[in-house]
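Let me begin by presenting the structure, written as structure tokens, before commenting on it.
Just so you know, all these numbers are worked out from the coordinates, no wet-lab data involved. For clarity, every value in this text was computed on a predicted model and none was experimentally measured. Methodologically, a virtual Cβ is constructed for each residue, glycine included, from the backbone with ideal geometry; neighbour enumeration extends over all protein chains shown.
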Amino acid sequence: EPEGARLLVARGEEALEALATKEGQTVALKVADNLCTAGALRPGEAFVRRWAGRAAEELGAAHRATLGAERRLADLLFYQGQLAEARRLYDNVIAGCTESLGPGDTLRAKVNLAILLQQQGQV
């Protein structure tokens, strides 16, 4: 586990307590990104799973923060080679963004899904 991962996760857990606020959402996002950048994929995955679950519970499945957490979880799973679950999450994020935010908010998830499909030889 990379040095500092535990401190990042602890900071992220504090942010989850304030997830209903924009600041809590921003801190959770930064913690997830920093864990991934540090190569702490397993702690990052565990944190983002908690973040996505909590966001869905508190903010709703169609909320931008929930969809963003699910996309980051899909990214982490993709980096770890868990392609089936990553694909399912990317599809879910694309559908959720299209329905609640409009088709213009799906680009990042679509690009990541295309990369996953290319790696699997499906495009």
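Annotations
- Selection count, region 51-91, where residues are surrounded by fewer than 17 Cβ atoms within 10 Å (Cβ to Cβ), assigned to a helix (DSSP H, G or I) and within 14 Å of the chain's Cα centre (by Cα): 6
- When residues of region 14-26 are limited to those that are surrounded by 15 or more Cβ atoms within 10 Å (Cβ to Cβ) and either farther than 17 Å from ALA46 by Cβ or among the charged types (D, E, K, R) (or both), the one nearest to the chain's Cα centre (by Cα): GLN25
- Failed condition for ALA40, given (1) of a type in the set (A, V, I, L, M, F, W, C); (2) farther than 29 Å from GLN120 by Cβ; (3) crowded, with 21+ Cβ neighbours inside 10 Å; (4) in contact with a Pro (Cβ under 6 Å, 6 or more places away or on another chain): (2)
- Selection from region 1-50 of residues that are touching a Gly at 6+ places or on another chain (Cβ under 9 Å) and not in a helix (DSSP H, G or I): PRO2, ALA18, ALA38, ALA40
- Verdict on PHE78 being over 19 Å from VAL111 (Cβ atoms) and of a type in the set (Phe, Trp, Tyr): no
- Any chance ALA61 is within 29 Å of GLU17 (Cα to Cα) and of a type outside the set (D, E, K, R): yes
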